[in-house]
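Just so you know, all these numbers are worked out from the coordinates, no wet-lab data involved. Bear in mind the structure is a predicted one, so any value in this text is a computation, not a measurement. Glycine gets a Cβ as well: all are built from the backbone with ideal geometry, and neighbour counts include every protein chain shown.
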Ligand code: ATP
Ligand code: MG
């Protein structure tokens, strides 16, 4: 008899859920690949598979589940829990600490490195740099080497970091990274080599890891058979969602942990591969079946879409059908509807924002709550005008992707205090912190950091240093704060102490200290949710909270709010009504994404990912003019736009086209094309 929770699944989903479960002698099944299009229930199937494993006796603490974001992992854990509770009863003890190993690749990496730090020669107090910190460190090294002085055309710190990251993640040389992704940087290979060596040495000396290191150290660890075996045998099952967006390092980690692929399940869709700029490679998914011995992986494909209505799916299929290369097949759905996706032309971004606000409110009137609606865009800076309009109408929203709560200077400042206390060799944190003192610039800060760096207890040795001029009492205050924070004894009391020290600085430097202070209190509340300082710093750096309409960090859970999201951050999610704005050439494909066929194809897949987020309603808006937000060489300016090339005339049959506002445009705003049509109509009627 089939368990009730499996009855809702279709045959192939069920096959995927039951694959290799309940083998004689508790044997673990062979490798499995589930490859299928958007909305076919991949994530849902994965959740059922985890639940089914647990129901059949697998120990949830020995399951490693890797997803694309912490939000996705929380959602997955919730689904698993729900199914297990139904089957095993409310108080099934096994579920309370279930899935303790669920998170992102980077998050899990950080945790393992911390666990094994002593064995692998890492100092346990290592701190993690986010991309901005990493770029700052790159910059410090760049200055030390005098690279930016010799030639002002030397790539910026951000570009340097991107090249470095590309080479690390794709496991390729600087030359190859430049050739494939940064052709305009050619000629700097030698300087970049010395910069990157300097950067690596700086990280080692300062006891800091960047995002890429988390994977790099993990994969290095996994290349040592004893470690690979030890970590691999911690887990009976390893399951990975969104596998199409993993890179070579991630694939090599998996195969090192599970060389025969026993207990390994990966899930993905090649048509949704959108992270090649971070060196993700769709080859991972295509090569997966062959890579194991003695048994190759089993492959299960799914072809029914449960998410979208037929007209939405038809339009999305139309877009992806024009792709050059594709492996997954088109999907079908039983969800009938008369409503085709809307393609709405508006005059400019202001009208676009007004239109979207009007429609969002109209939807809410008919019972589609704000949370069931989302506005998606290619690039984080496309939503500015809409954000203003939403605020004007008091419509609360949360923005995923792009600017985060943590990007605001005051939040970063406070975190720098804690980070420096955790790891006083972290120079980026040290520079940031010391320069908050009156009269201290980068030179003085550098000298102080140099003076303490070799001391076994750098924070204590701060007491020996004569106070820099003009710092007066504030120096003493800082030293005693840091000495107090050294042992990380009181959590979250430590963050409160740091805040109290920091607030006078806020008053001095910012015009609106009160709202910023409110943010810091909010940060303290977030901090209280973590067991200790180290976990707080790690998790916040890896997956920071998203920005909300009032910049208050995390939204109140009972509040209804609209989701604004980059398409990248909308991956895996769904809403009843989805708006996509700026669906014009220059935005999608982005001006920056038309350099090669491969880039262009990725932009097309992005549009497909966005469109397939919609369940019942999909609206694409195309402003006739938009603001370039400094994206191209000419800087900020208005440009005239046309509908994205990914929806050529041949695909218009899949859409309902309209313009807004519906009232006829005034004569001066009419396009020449329209005037020609008007004249034609007039002449025709004259001779009727
Ligand atoms: P994406 O590629 O966007 O990540 P996905 O393949 O992971 O999509 P899911 O998010 O798992 O798809 O599922 C899409 C929707 O279809 C969800 O609302 C899910 O509950 C529903 N669904 C999946 N399988 C079934 C089924 N057998 N019966 C009814 N609904 C289903
Ligand atoms: Mg999914």
Legend entry - segment 455-608 shape via C-alpha gyration tensor axes, a/c threshold 1.5: prolate
Inset, instruction - Calculate, for residue 651 and residue 293, the FRET efficiency according to 1/(1 + (r/R0)^6) with r their C-beta to C-beta distance and R0 41 Å; round to the nearest 0.05. - result: 0.40
Legend entry - Anisotropy class of the chain from Cα gyration tensor, a/c 1.5 cut: oblate
Inset, instruction - Just grab the label-to-label distance for residue 625 and residue 226, each label 7 Å out from Cα along the Cβ direction, in nm (one decimal). - result: 6.9 nm
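Subtracting the Cα-Cα distance from 0.36 nm times the residue separation, let me have the gained length for residue 286 to residue 131 in nm, one decimal. Don't jump to the answer; show the numbers that get you there.
On the way: separation 155, 0.36 × 155 = 55.80 nm, distance 2.98 nm.
Length difference between fully extended and current span is 52.8 nm.
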Legend entry - Simple spin-label estimate for residue 62 and residue 408 in nanometres, 7 Å along Cα-Cβ: 4.7 nm
Inset, instruction - Using a Förster distance of 25 angstrom, determine the FRET efficiency expected from the C-beta separation of residue 640 and residue 594, and round it to 0.05. - result: 0.90
Legend entry - Footprinting exposure proxy for 223, 69 (fewest neighbouring C-beta atoms within 10 Å first): 223, 69
Legend entry - Cα gyration tensor shape of segment 254-388, rounded if a/c is under 1.5, else prolate or oblate by comparing a/b with b/c: prolate
Legend entry - Additional length obtainable on full extension of the chain from residue 454 to residue 151, 0.36 nm per residue less Cα span: 105.7 nm
Legend entry - Fraction of beta bridges assigned by DSSP in the chain that are antiparallel (%, nearest 5): 15 percent
Legend entry - Where labels lie 7 Å past Cα in the beta-carbon direction, separation of residue 465 and residue 184 in nm: 4.0 nm
Legend entry - Spatial separation of Cα centroids for segment 197-270 and segment 277-296, in angstrom: 14 Å
Inset, instruction - Go ahead and collect, in residue order, the members of segment 333-364 whose backbone nitrogen is under 20 Å from a label point 7 Å along the Cα-Cβ direction of residue 393. - result: 342-364
Legend entry - FRET efficiency, residue 335 to residue 658 (Cβ-Cβ, R0 22 Å, nearest 0.05): 0.45
Legend entry - Calculated SAXS-style log₁₀ I(q)/I(0) at q = 0.19, 0.20, 0.22 Å⁻¹ - segment 127-206, Debye, Cα scatterers: -0.78, -0.86, -1.05
Inset, instruction - Residues in segment 22-48, backbone N under 18 Å from the label point at residue 4 (7 Å along the Cα-to-beta-carbon vector): list them, ranges by number please. - result: 48
Inset, instruction - Quick one: compute the contact order of segment 127-206, relative version, from alpha carbon pairs under 8 angstrom and 6+ residues apart, as a percent. - result: 31 percent
